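**Q** Could you have a look at this structure, given as structure tokens, before my questions?
The values are calculated or read from the model by the stated rules, or taken from the named source; none is laboratory data. Not measured: the values here are computed from a predicted model. As a convention, Cβ positions derive from the backbone with ideal geometry for all residues, glycine included, and neighbour counts pool all protein chains shown. The accessibility values were calculated without ligands, DNA or RNA, using every heavy atom of the protein model including side chains. Shrake-Rupley method; radii C 1.70, N 1.55, O 1.52, S 1.80 Å.
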Amino acid sequence: MKILNLIRKDMRSIKIFTLAAFLVTAALSATAFINVKLLNNTNNDNKGFAVIELFTSEGCSSCPPADALVAKIQKESGDKPVYILAYHVDYWNRLGWKDQFSSAEYSRRQNDYADYLHLQTVYTPQIVVNGRTEFVGSEESTLRNAIKNSLQKSPTAQLNLNILKTNQNQATIKYNTQVTDKNTILLIALVQK
């Protein structure tokens, strides 16, 4: 059992290192609303990536088709730099169906996008692609076009990421950015593809 726990810790460190490199690129784009290039990345063809953020809720009757669509896209994306993040908002909870995955933080994130994108309201299911384009989450052709366009765009900023050390549930990361503006925010999240 002890050996199994050590193997799990080592695998977790490897996963964190590998996934963090891709995710940091995606997260910088999604939160800073810019395209990013990760230096020394395996993405040597200098093409873009797509961060798909789905705002959804278990209490939303229109959300299951959007949830199914992003699951389908995830399966089809293979090794392409397509990253899907699902945020379960909490504003549907007041209607009697408590979404066990919901968070007020996710609702705030969606409201921040609404402010940035000059939207009058938030809704579910809503998709935001690379922090720039939003639409109803069940619109398959719109999503596919947004992904295609994002993958064809060359990054405009650069990010150099070094993971200095990992232990248990923590990682120490050093980063340097180039060609970013003063409103750039770096958000790091661990995503397993």
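**Q** Taking the Cβ of His88 as the center, what net charge do the other residues with Cβ under 9 Å away carry, scoring Lys and Arg +1 and Asp and Glu -1?
**A** Summing Lys/Arg as +1 and Asp/Glu as -1 gives -3.
**Q** Then there's this: Tally Lys and Arg at +1 and Asp and Glu at -1 over the other residues with C-beta under 12 Å from the C-beta of Gln100: what net charge comes out?
**A** -2
**Q** For labels at Phe101 and Asn162 in the simple 7 Å Cα→Cβ model, what's the distance in nm?
**A** 3.7 nm
**Q** Could I ask something else about it? Can you give the percent of C-alpha pairs in the stretch 41-193 whose distance is more than 28 Å?
**A** 26 percent
**Q** Picking from Leu119, Leu95, Ser62, whose Cα lies most toward the positive end of the charge dipole for the stretch 38-193 (charges on Cβ: Lys, Arg +1; Asp, Glu -1)?
**A** The residue sitting most towards the positive pole is Leu119.
**Q** I would also like to ask the following. Quick one: if you stick a label point 7 Å off each Cα along the C-beta vector at Lys80 and Ser62, how many nm between them?
**A** Distance between the two pseudo-spin positions: 2.6 nm.
**Q** I need the GluC sites (Glu not before Pro) found in the stretch 65-153, filtered to DSSP loop residues with at most 16 other beta carbons within 10 Å of theirs.
**A** Glu139
**Q** Something else about it: Would you mind checking the pairs Lys47/Lys75; Lys72/Lys153; Lys75/Lys174; Lys148/Lys174; Lys72/Lys165 and listing those with alpha carbons more than 26 angstrom apart?
**A** Going by Cα-Cα distance, Lys75/Lys174; Lys148/Lys174; Lys72/Lys165 fall outside the 26 Å limit.
**Q** Given a 1.4 angstrom probe, I'd like the percentage of the accessible area of the stretch 56-151 that is carbon and sulfur, rounded to a whole number.
**A** 51 percent
**Q** Where does the stretch 125-193 land on Rg(C-alpha)/(2.2 N^0.38 Å)?
**A** So the Cα radius of gyration is 1.44 times the expected 2.2 N^0.38 Å.
**Q** What distance in nm separates the two pseudo spin-label positions at Leu187 and Val136, each 7 Å out from Cα along the beta-carbon direction?
**A** For Leu187 paired with Val136, the spin-label model returns 2.5 nm.
**Q** Taking the mean number of other Cβ atoms within 10 Å as a proxy for protection, how do you rank 184-192, 147-155 from highest to lowest?
**A** In descending order of packing, they fall as 147-155, 184-192.
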